[in-house]
Structure formats: C-alpha cells, structure tokens
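Notes to accompany the following structure.
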Amino acid sequence: MTRTFSAMLAASLLFAQAIRADEPPLQVQTVTASMGSLYVNSALIIGRESLVLVDVPFTRADTHRLVAAVLDTGKRLESVIVTHDHPDHFFGLDVVMDAFPQARVVAHPEVVKDIWRSFPLKLERWGPMLGPQGPRYPGVPGALDEGETAVVLEGHRIEILGPMQGDHKHATAVWVPGIKALIGGDLLFNGMHLWLGEHLEPQRLAWRRVLDELDALGAETVVAGHKQHGMPDDVSSIDFSKRYLDVFEQLVDSSADSGELTAALQEAFPDAIDIMGDFLLGNSTRVAMGEMEPWDE
Ligand SMILES: [Zn+2]
C-alpha cells in the first residue's frame, strides 16, 4: 500500500466516522387512525434509509393512509412488527403486504400462534361490520426466530418485550433503547377508557404491575396502543393507564352493578372517550361486575 493511498484511506475512514457522528438518531412518528380503527396508533421507527413499522390499523381505509405515511418518508420499509392478537392491530396487514412485498412481517411466536387460532373467529365477528373495509386475505405475521428478541434497523436494536398481561393476555411492546422510545401496544392507552373486557381481578392486577416495569425503563417517547387524537406521545400514557387501573379497582369494590361502575368511571375520567358507542366501558364494566363472561378475542 502506498503512503498516499493509506493516507487517503485513513482520511475517508475519518470522514465516514464524522458522518456517522452527525447522523440523526432514529426518529419515531406516530400515525393515529380514525374512529373506524378504534383510534389505534401505528408507529414508524425511521432510520437514515429505512424504517420499521409497529402495528397496522383495523380498516383498509386507515391502512391506506398509513401506507401513504410510510411512502412519504421516502425510505424503505424493512420490517413490520405486530404487538398482539387484536384485530385493530393487524387486520390491515394484507394492504401493507401488497404495498411493501419486500418487508418482513413478524411478531413474537406466542402472538403468531394466537393469530392463527383466532383469525377465523375474528373474521366471523368483525367481517360483517367491516364489509369492504375488512381483509381480502388473512395477513398473518411470521414468528421471530427462536431466541430472536430484537429487529435490527441500521445497527440499532428494536427490542420486543413480553408477552405480558396488557389489555390482552399476550401483549408485547417495542423498546428502542438507543432513543429511549417505548411503543407500548395495548399495554398503554391515553385519553380513552381502557379495554378490560378480557379481565377478571387477577388480570387487571397483573396489567397494573407490568405498567410499573414499563415505567422503570425511563422512556422519553411513549406511544400508546390507542389514544385520543392530539394526546402527546410521552409518559402521560403510562400515568393515565396506571391511574385508570387503580381507580377502576377501587370503583369495582364500591359499585353495585355495571351501570354504577360506568357512571363512576365517567365521573372520574370526564375527558376519556369510548369507541363504537360504549364498547369499551359497556363490556369492561359488565365483565368486571360478573354480568358477562370475559371476552375471548
Ligand atoms: Zn387495540
């Protein structure tokens, strides 16, 4: 190697390092869907040239808007992560798969098992309501490999936490340590009544404990699974979800039936919104008061 060449090589390596130091870290962009998709949040974790998407809306229309947001980044969609087996987080997958056939679509193996089990049941339950907004074919994520706990985007780890108890018994969350960003999936709500239609007391208490663990991560950006439009993507969603579960537990004890519990929750959280009429509050309070069996979703 000539001296000139090695000097050039050294200079170019230095230049490359300088660029790397100046690069912006990963960015997180939240896309909140319409009421038709139950105000579900999708998160775009955006790198220099490519991105990772977390969760996909319920309806085709909301998913097309999400596809547009991904295209607008001008970057390549590498992977899609589905956090759990609730249809408002993956029913639009066929639209995403058709738009970005090169993207790897993954979930924790437990979540994939849940989705294969419940897809027929979900299509029967939600298909008639969704009509042309429903899936044209079942989009099902592939399982992460055994021992694989993270997706890597341009050298940055995007970790999948869980499964743990959230509004679903096998909820996962996404943690990006490099930028202290937590994509909470349905472990976190903000400005909305929580879905407690699959819970008895042990599940509610387990969810509450998990929130302390998530809080301990010290996240700076926090994306809830569902939020009222305009709510911030910060720790307020952890605080809100904790407070809601604490208050819910107290009010279950002091209420005689679901009607009383509903009224008390509405008084305690006057700004919280519901979806599809009283879908969240109605089902959650009836299940909590033993007037209805917990949902199997
Ligand atoms: Zn959800």
### Query
If amide H atoms are built 1.01 Å from N in the plane of the peptide, which residues on other chains or at least 5 residues away come under 5 Å of the amide H of V40?
A33
### Task
Mind sorting D215, D55 by how few other Cβ atoms lie within 10 Å of their own Cβ, fewest first?
D215, D55
### Task
In square nanometres and to one decimal, what's the mean projected area of the convex hull around the Cα atoms of the chain?
17.5 nm²
### Summary
Across the stretch 25-288, qualifying lysine pairs (alpha carbons under 18 Å, at least 8 places apart or different chains) come out at 5
## Note on the structure
For M192, other-chain or 5+-apart residues with amide H closer than 5 Å (H placed, Pro excluded) are Q228, I273
### Task
Rank A216, A264, A206 by mean-square fluctuation in a GNM of the chain with C-alpha springs under 10 angstrom and give only the top-ranked residue.
A216
### Cleavage-rule hits, trypsin sites (Lys or Arg not before Pro), the stretch 55-150, DSSP coil, Cβ neighbours within 10 Å at most 16
K75, R136
### Summary
Under a Gaussian network model of the chain whose springs join Cα atoms within less than 10 Å, the largest fluctuation of T83, T262, T63 belongs to T262
### Message
I'd like the distance separating the alpha-carbon centroids of the stretch 30-94 and the stretch 222-261, in whole Å.
### Response
24 Å
### Task
Return the distance in nm (one decimal) between the two label points of a simple spin-label model at D72 and S254, each offset 7 Å from Cα along Cα→Cβ.
4.4 nm
### Task
Report the GluC sites (Glu not before Pro) located in the stretch 130-181 that are in a DSSP loop and have at most 15 other Cβ atoms inside 10 Å of their Cβ, or state none.
E146, E148, E154
### Query
With springs only between Cα atoms under 10 Å, which of Q203, Q27, Q250 fluctuates most in a Gaussian network model of the chain?
Q250
### Message
If I model a spin label at D246 and K113 as a point 7 Å from the Cα along the Cα→Cβ vector, what separation in nanometres do I get?
### Response
3.5 nm
### Query
Normalised by the number of residues in the chain, what is the relative contact order in percent for Cα pairs under 8 Å and 6+ residues apart?
15 percent
### Task
Starting from the amide H of S50, placed 1.01 Å from N in the peptide plane, find each other amide H under 5 Å away whose residue is 5 or more places distant or on another chain.
R76
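Readers should treat all values here as calculations from the given coordinates under stated rules, not as data from a laboratory. Bear in mind that the values here come from a model prediction, so they are computed numbers and not experimental data. Cβ coordinates were reconstructed from backbone atoms using ideal geometry, including for glycine residues, and neighbour counts include every protein chain displayed.
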